[in-house]
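First comes the structure, then the notes that go with it.
The values are calculated or read from the model by the stated rules, or taken from the named source; none is laboratory data. Note that the structure is a prediction, hence the values are computed from the model and not measured. Cβ: placed from backbone, ideal geometry, glycine included. Neighbour counts: every protein chain shown. All accessible areas refer to the heavy atoms of the entire protein, side chains included, with ligands and DNA or RNA removed. Shrake-Rupley method; radii C 1.70, N 1.55, O 1.52, S 1.80 Å.
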Amino acid sequence: MARESFDKEIQFLRMLALTSGAYSRQQFADRLGISVHTFDKTMRRLKEIAETAGQLPKEEQSLPLAELLRTGYYESADPVLLFLFRSKSVKESESIRLSQIIIALQGIALTAAEVLQQCCDGMPEDMAMPDEKTIRSDLKYLEETGVIRKTQGSRPQRYTADNRFITELSDEELGDLYAFIDVMANTQIPSVQGYLLRDSLKKTLKQRAVAESSFFYKYHYPSRILDEAHLYPILKAIRDRKRLSFLYFTPKAQQSYGSKNTNPLFERESEGRQHTALPLRVTYDHQYGRWYMLCHSGRQGIVIYRMEGLTQLQESDAVEETEFEQKLQALQQKIRFSWLVDTGRTVKVKARFYNPEGSAANFVRDRVRLQGQWGMITEESDQTFIYEIAVNGTMEIKPWLRSFGSSCEVLEPRSLRQEFIEEWKELAAGYEPVRENL
């Protein structure tokens with residue numbers, strides 16, 4: 001799959017998951033900035049991947065793709081969105097060829113010529129047959145990634161599947177390993193690599209008839225997995241100190257994707273803007289499931305991008321190490337008092353928290369101490385305590401304070417206190433009794 005196609009399918013899947021298929025074909029195409037024909041073609045392609053990679057039962061294969069993305073309350077631990085990563089950047093012929101090689105080397109050692117013969121026998125008739133050079137390149141790639149290994153012996157060199165990581169573990173050890181990876185993949189960031197490893201272990205457990213772990217998880221924002229497609233290219237650019245060029249769509253834009261038009265007759269205007277910036281840091285907001293890329297732009301200085309709006313990422317030129325460190329230090333100074341990534345004017349926020357009544361555990365204090373970052377807690381009485389913190393603006397801390405409900409009273413700044421008063425008035429008005437005079 002081409003890189004552009006992958007960008008399109010990321011945005012396609014995100015919108016499909018968020019809207020549950022509520023848009024019509026035309027509305028969906030307009031929102032993505034593509035034609036209805038491209039919409040239909042992409043939908044067919046995604047459905048094929050879901051049926052193949054997800055190994056869907058026959059009764060589900062006829063369902064619309066939007067239905068497949070609707071999960072039960074605890075079923076987001078097996079996100080259907082993840083199937084996209086199984087086909088990322090892999091052409092159809094390449095995925096079939098690599099699968100044939102891995103299958104051929106299960107429990108047996110073969111030479112490159114023998115592997116070539118096995119692949120040719122297993123490839124579909126409508127696909128081009130690989131040559132020995134291609135097979136040797138595939139074998140080298142699979143060996144570097146740890147999927148296969150060379151066997152000891154005389155020439156010609158033989159290869160076999162490297163399953164020692166699984167086969168040398170007892171059933172109990174395999175169950176413990178699965179339980180650990182299951183917890184880490186569902187609770188730590190990033191998660192995609194852990195999900196893929198967990199899926200492989202799950203298949204082995206089923207083959208051995210070993211019971212799986214009994215943990216359940218619930219995510220409010222499963223679409224965060226899609227943003228991890230950009231995470232590793234960005235981290236690589238940071239490591240290599242390289243600028244990135246990309247087409248960016250703000251969250252307020254009417255479109256979320258811009259196709260690369262090769263035919264001027266079908267060219268359409270895109271709402272995205274082309275940017276070039278030096279990535280410095282990546283931040284994840286666990287409360288809302290959002291990834292942010294913190295960069296330095298030559299004209300704008302420190303710039304922050306939501307990763308869900310990034311498309312067509314391309315590496316550009318590299319900068320000197322001294323220049324990178326200077327910009328990184330400038331960023332760290334700028335966000336020193338950021339609750340998340342805000343770079344606004346620093347203000348002092350002061351709030352009164354009320355301890356829970358009739359509870360042995362003070363979960364309000366525990367949560368403030370755990371999540372309050374560098375804020376200070378001062379005892380006020382047996383019923384209340386004061387929390388103070390200096391932050392860059394109040395926009396990012398506001399949802400956190402609001403989440404405490406009646407257990408939190410904002411004292412300073414006065415403007416923030418007034419905002420909360422107006423919000424609670426509006427909320428209360430929605431619950432006022434209404435009676436019509438008959």
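Pull out a ≥ b ≥ c, the square roots of the eigenvalues of the alpha-carbon gyration tensor of the stretch 166-220, then state rounded if a/c is under 1.5, prolate if not and a/b is larger than b/c, and oblate in the remaining case.
prolate
Cα-Cα over 24 Å: which of Lys350/Lys425; Lys236/Lys327; Lys242/Lys334; Lys236/Lys398; Lys41/Lys203; Lys140/Lys203?
Lys236/Lys398; Lys41/Lys203; Lys140/Lys203
For the stretch 346-430, what is the accessible area per residue in Å², given a 1.4 Å probe and the full set of protein chains?
58 Å²
Using the charge dipole of the stretch 166-220 (Lys, Arg: +1 at Cβ; Asp, Glu: -1 at Cβ; taken about the Cα centre), state which of Ile189, Ala179, Ala209 has its Cα farthest towards the positive end.
Ile189
Percent of accessible area on the stretch 132-200 owned by carbon and sulfur, 1.4 Å probe?
After summing per-atom areas, the C and S share lands at 49 percent.
Shape call for the stretch 328-438 from the C-alpha gyration tensor, a ≥ b ≥ c root eigenvalues: rounded (a/c under 1.5), prolate (a/b greater than b/c) or oblate?
oblate
Which one, Phe385, Thr346, Ala361, is farthest towards the positive end of the dipole of the stretch 346-430 when Lys and Arg carry +1 and Asp and Glu -1 on their Cβ?
Among Phe385, Thr346, Ala361, the one farthest towards the positive end of the dipole of the stretch 346-430 is Thr346.
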